[in-house]
Amino acid sequence: MDTWRDGWVIFKKELRGDRMYLIGNVIFMLYLAFSLSVMMGSHSEAEVLMKPLSDFLMLLLVPLTGFFFSRRSFNYIKEDSYTRMLKYYRTLPIPITAIMKGRIIQLFMALIFNGVLFYPLFFWFSSNLRAEMNIGQFIVFILTWTGYALLINGVFIYFELLKKGRTYLWLTISIIVLVVVITVISHFLGTSLVMLLVDYSSHFSFLSPLMWGALVVGGLGFFLLIKITKRKLIVRDLRS
């Protein structure tokens, strides 16, 4: 239990140091919710472009609901800020377990904070979603994306704590390329991932196989990545 308490201390210290960046979080979530709702509400010839674009943005940006904007996240390439953070914590009597738990707390608090901003506004702004789903079905839609966000954030945490800033940059670029490929394939198959999740959420509600599949795969993948990250972080040479 002490390591969880230490994790909370680390989380609150990080948050206090970057409180002004929370304004950026709020603005970004408002913008994202409004932009995606406009795409979801497009009609006629614009729909051909907007559906794949909405898939692309959801796949790319939903994982960012697991982040708080911070000075460290903006400077990770120039300053290798995550490695510098770990070097600092190693000078203190803070166990690796507490550092990992602090990062996990940060992730889940960000998912809650950003999710409360993004998803209700997305639902409110999008008349098409309100026509297709009730509140309960929309919660299923949210949980499906949350499973995906957990898995991708597990990958981010692995690279954030174990690799240099430039390697982390290449991970980000690789994810963007992968999202583009998935979006293009989905488009040529004549489907939309977002609309597919809407259909499954509205038809199956809390029995949606996509929701349970995403939560199980995302949760197990996240747990496994955290275990691997913790094991490798203990022996990581921060000089290299």
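The values are calculated or read from the model by the stated rules, or taken from the named source; none is laboratory data. Because the structure is a prediction, the values reported are computed rather than measured. Here Cβ is always computed from backbone atoms with ideal geometry, including for glycine, and neighbour counts include all displayed protein chains. Please note that ligands, DNA and RNA were not included when accessible areas were found on the heavy atoms of the full protein model with its side chains. Shrake-Rupley method; radii C 1.70, N 1.55, O 1.52, S 1.80 Å.
Within region 119-139, is even one residue within 30 Å of VAL38 (Cα to Cα) and under 14 Å from the mean Cα position of the chain (by Cα)? Reasoning before the result, please.
Let us first name the residues in region 119-139 that are within 30 Å of VAL38 (Cα to Cα), namely 119-139.
From the residues that got through so far, the ones that are under 14 Å from the mean Cα position of the chain (by Cα) too are 119.
Taking every residue of region 119-139 in turn, at least one turns out to be within 30 Å of VAL38 (Cα to Cα) and under 14 Å from the mean Cα position of the chain (by Cα).
Consider ILE157 carefully, then state whether it is more than 20 Å from MET40 (Cα to Cα), in contact (Cβ under 8 Å) with a residue 40 or more places away in the chain and over 12 Å from the mean Cα position of the chain (by Cα).
no
Hey, among ILE105, ILE142, which residue is at pLDDT 95 or above and out of contact with any Asp or Glu (no Cβ under 8 Å at 6 or more places or on another chain)?
One residue alone meets the criteria, ILE142.
State which residue is farthest from GLY136 (Cα to Cα) when the search covers only region 191-240 and only residues that are touching a Phe, Trp or Tyr at 6+ places or on another chain (Cβ under 7 Å) and open to solvent by less than 30 Å² (accessible area, probe 1.4 Å).
Out of the qualifying residues, it is THR229.
Read through the list (1) at pLDDT 95 or above; (2) open to solvent by less than 20 Å² (accessible area, probe 1.4 Å); (3) not small (Gly, Ala, Ser), then give the number of the only condition that LEU161 fails.
Looking at each condition in turn, LEU161 falls short on (1).
Tally time: how many residues in region 125-157 are open to solvent by less than 40 Å² (accessible area, probe 1.4 Å) and not β-branched (Val, Ile, Thr)?
Residues that pass the stated criteria total 14.
Yes or no: region 104-127 includes at least one residue that is within 20 Å of ASP55 (Cβ to Cβ), touching a residue at least 40 places away in the same chain (Cβ under 8 Å), outside any helix (DSSP H, G or I) and of a type in the set (Gly, Ala, Ser).
yes
All but one of (1) in a helix (DSSP H, G or I); (2) over 18 Å from TYR148 (Cβ atoms) hold for LEU224, so report the exception by its number.
Of everything listed in (1) in a helix (DSSP H, G or I); (2) over 18 Å from TYR148 (Cβ atoms), LEU224 misses just condition (2).
In region 44-55, what residues are at pLDDT 80 or above and open to solvent by 30 Å² or more (accessible area, probe 1.4 Å)?
The one that is at pLDDT 80 or above and open to solvent by 30 Å² or more (accessible area, probe 1.4 Å): LEU53.
Give region 1-43 a look and list any residue that's at pLDDT below 80, assigned to a helix (DSSP H, G or I) and under 16 Å from THR97 (Cα atoms), or say none.
Those that are at pLDDT below 80, assigned to a helix (DSSP H, G or I) and under 16 Å from THR97 (Cα atoms): ASP2, THR3.
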